[in-house]
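Reviewing the structure listed below.
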Amino acid sequence: MTLKTNIYLLSIMCLFALGCKKKPKFGDKSLLVSENGRYLTTGDGKPFFWLADTGWLLFGRLNREEANTYLEDRKQKGFNVIQVMVLHDVPSRNVYLDSSVVHADVSKPAITPGSNYKDSVAYDYWDHVDYIVDKAAEKGLYMALVPVWGTNVKTGKVKEAQAKVYAEFLAKRYRDKWNIIWLNGGDIKGSDGLKVWNAIGQTLRANDPNHLITFHPRGRTASSQWFHNANWSDFDMVQSGHRRYDQDTSKNEKLHYGEDNWKYIEADYKLKPIKPTIDGEPSYEDIPQGLHDTTQPRWTDADVRRYGYWSVFAGAFGYTYGHNSVMQMYKFTDKKPAYGPKDQWITAINAPGAKQMQYLKDLMLSRTYFDRVPDQTLVAGKNGEKYDRVLATRGEEYAMFYTYTGRNFSVQLGKIDGDEVKASWFDPRNGKITPIGEFENKGIKEFNPPGEPANGNDWVLVLDEL
């Protein structure tokens with residue numbers, strides 16, 4: 001048998017029998033959907049736990065120095081994705097007073113011929129976007145870009161034909177940058193401008209096949225309601241929203257889960273075909289409950305922890321954090337801020353919740369990753385409702401239980417491998433682990449978290465095979 005024949009046979013085996021894959025465009029930095037369809041991986045097959053911050057107005061409100069400060073802070077706090085609007089308004093202007101488009105037409109980006117962000121003379125709106133995208137890449141951060149915020153489409157400022165031209169411009173400008181993710185939509189129902197959203201999604205996919213795309217929906221809705229089967233959508237995203245149980249006004253919506261964001265994830269998890277899902281906008285830290293009445297109580301770090309652990313344990317592939325001041329890059333000089341922010345963004349980046357999010361990511365990456373599944377049968381007896389709900393998840397050799405109130409709960413042992421298990425308490429506030437003891441891995445056992453039961457006395461019980 002000749003060498004040429006051997007090579008030919010090996011290539012045929014690779015193609016048909018072994019399922020050899022093409023090397024991803026951006027190598028190890030590429031983001032891909034895992035083989036089981038539940039999670040994200042990097043190009044080298046390693047787990048990618050999405051931990052995002054909502055820096056929605058980053059491109060418009062911060063200058064170069066401020067943007068660098070913000071991105072470095074988020075890197076140091078363990079975030080790996082920044083969710084940001086490319087166009088908040090049509091037209092949008094940045095801090096340098098550069099306009100984004102000509103005559104409020106998204107199909108006509110305001111480009112200075114021959115300019116780039118290293119040229120201070122001909123610097124334009126898109127040069128500033130380029131600068132921040134590249135600066136994020138230097139820090140290992142992915143940029144999840146919303147092409148145009150949903151209200152602009154709903155109010156008729158963006159037509160289908162314009163959307164196609166604009167999406168092609170974006171795709172061609174950023175398709176060779178490894179750290180891009182596309183968030184179509186923007187706080188909007190898919191049914192509000194359905195043709196425009198599909199035009200954007202399809203055009204992005206046709207011109208940029210190597211970056212992930214999803215849809216950022218309106219509060220109390222999920223992108224899967226409109227786009228789960230769309231060929232341009234790689235994963236599902238929910239916005240569980242900012243209202244309390246008693247403030248929910250979406251009773252006529254298809255999905256009505258109140259604050260129970262885990263229910264959105266649970267619903268997406270059951271859909272076919274299998275796609276990853278995530279809560280891309282839960283309640284923000286320090287934002288009024290219900291958003292618009294600034295006299296209402298504010299969501300706290302305990303609340304953002306609850307949404308994080310609830311959704312991840314229910315099967316989400318990551319979590320998006322937000323802070324009222326940071327998402328709008330609030331400064332005391334702002335004349336009309338939204339939702340009554342208190343601290344300037346430069347102070348709010350150090351809010352307790354922002355510091356605590358990395359512990360969730362670290363915990364999930366500390367055990368085997370792709371074998372993890374949600375499993376509520378681990379909770380023995382009657383589970384609680386609302387804040388008393390215990391969420392459970394497991395891999396083959398471990399199980400985890402999240403309680404927001406620190407109440408006693410019972411566990412059905414024997415669901416993971418091993419004759420014995422080692423139990424520990426994990427503190428979501430500081431990431432510290434306290435050993436409990438070792439137990440026979442069978443029967444039902446009650447666990448008593450540290451402290452007295454109360455909202456925000458949250459703990460994770462971790463069981464590991466011995």
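Since every read-out is calculated from the coordinates, none of them should be taken as a lab result. On a predicted model such as this, the values are computed, not experimentally measured, just so you know. Cβ placement follows ideal geometry from the backbone for every residue including glycine, while neighbour counts extend to all protein chains displayed.
Dimensions of segment 23-102 from C-alpha coordinates, computed as largest minus smallest value along each principal axis and given longest first, are 45, 31, 21 Å.
Work out the P(r) tail for segment 316-386: percent of alpha carbon pairs separated by more than 20 Å, whole number.
Working: 1368 of 2485 pairs.
That fraction is 55 percent.
Across segment 245-318, the fraction of Cα-Cα pairs farther apart than 19 Å, rounded to a whole number, is 41%. For the chain, give the share of DSSP beta bridges that are antiparallel, in percent and rounded to the nearest 5; count only bridges with both residues there. Among the beta bridges of the chain, antiparallel pairing accounts for roughly 65 percent.
For the pair GLU35 and ARG93, label points projected 7 Å from Cα toward Cβ lie 5.4 nm apart. In this label model, ASN63 and LEU466 are separated by 6.2 nm, measuring between points 7 Å along each Cα→Cβ vector.
Taken over segment 375-465, the convex hull of the Cα atoms encloses 81 Å³ per residue. Using the Cβ-Cβ distance between ASP176 and LYS270 with R0 set to 51 Å, the FRET efficiency from 1/(1 + (r/R0)^6) comes to roughly 0.85. Principal axis analysis of the Cα atoms in segment 170-261 yields extents of 46, 25, 18 Å, listed in decreasing size.
Full extension of the chain between LYS432 and ALA110 gives 110.9 nm of extra length, using 0.36 nm per residue less the Cα-Cα distance. With the simple spin-label model, which puts each label point 7 Å out from Cα in the Cβ direction, the ASN207 to VAL165 separation comes to 1.1 nm.
Per residue of the chain, the DSSP helices (runs of n ≥ 4 H) give a summed -39500 (n - 2.57) that works out to -7500 deg cm²/dmol at 222 nm.
Using the Cβ-Cβ distance between LYS386 and LYS118 with R0 set to 35 Å, the FRET efficiency works out to roughly 0.05.
Given their separation in residues at 0.36 nm each and the Cα-Cα distance between them, LEU194 and SER424 gain 78.0 nm when the chain is fully extended.
Note on ILE444/THR155: beta-carbon distance plugged into 1/(1 + (r/R0)^6) with R0 of 45 Å gives a FRET efficiency of 0.20.
What percent antiparallel are the DSSP beta bridges of segment 46-180, to the nearest 5? Present the calculation step by step, with values, prior to reporting the outcome.
Details: 3 of 12 bridges.
Percentage antiparallel, nearest 5: 25.
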